[in-house]
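Please treat every number below as a calculation from the coordinates, not as lab data. This one's a predicted model, so the numbers in the text were calculated from it and none came from an experiment. Note: ideal-geometry Cβ built from the backbone for every residue, glycine included; neighbour counts use all protein chains shown.
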Amino acid sequence: TGYHPDEYEMPGVKLDLDSYLGAELNQELPHWGFDKVQASKAAPIPLDGNWKLSLEAFLESYHFDYAHRDNLAHFYYGNVADITVMGRHIRLSIPHKSIDELKTTPVDDWVPENHITLAYILFPGTILINSPQVLEFFQIVPVSAGKSVVRHACYARMDLSEPGNQEMFDMTWESA
């Protein structure tokens, strides 16, 4: 693939994660229980294209109805999203079609996070996609002006031994 992880490590450089994420993300991210997901699949995705083109796909949901018409388009509204700037980072909120169920549900019974997917785009090219079913991790690494590699990992939030959950997980993995 032309990608070698050792080329991107900087020995002796320490990352202050709290400072990097900022106050808003440090407050919000623990809510999602990232420590409770099950490790599942990880693989690099080599791409012919500039890393910025790959990143742009994560900044909108309009492409769902076309590029993901056989999978994601069945579950998400592809023409609706909310973008919130959080310091150097972005939170993209995409509603599931199941959000319509809230119209007939008393407000006190709402659990909004069961009806949205949040994509955290961490500067410069790391993406966490958080849904009720899975947590996906993408890190876009430039290799050259016309090539990049996306590190992709998918973690289950659901019991994969339950009927239908493995299929849902596999569909999410394949949609990347």
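A Stokes-Einstein calculation at 25 °C with viscosity 0.890 mPa s, built on the Kirkwood radius of region 51-127 over Cα pairs, returns a diffusion coefficient of 181 µm²/s. Classification of region 133-176 by its C-alpha gyration tensor yields a prolate form. The axis ratio a/c (a ≥ b ≥ c) is 1.5 or more, and a/b outweighs b/c. The angle between the Cα long axis of helix 165-174 and the longest principal axis of the Cα atoms of the chain comes to about 40 degrees, rounded to the nearest 10. Neighbours of Cys154, meaning other residues whose beta-carbon lies under 12 angstrom from its beta-carbon, give a summed charge of 0 when Lys and Arg score +1 and Asp and Glu score -1. Electrostatic tally near Val37: other residues with Cβ closer than 13 Å to its Cβ, Lys and Arg +1, Asp and Glu -1, net 0.
Using the alpha-carbon atoms, what tilt in degrees (0 to 90, nearest 10) does helix 17-28 show relative to the longest principal axis of the chain? The answer is roughly 0 degrees. For a straight C-alpha distance cut-off of 30 angstrom, the lysines reachable from Lys52 (same-chain residues fewer than eight places away being disregarded) are Lys14, Lys41, Lys97, Lys147.
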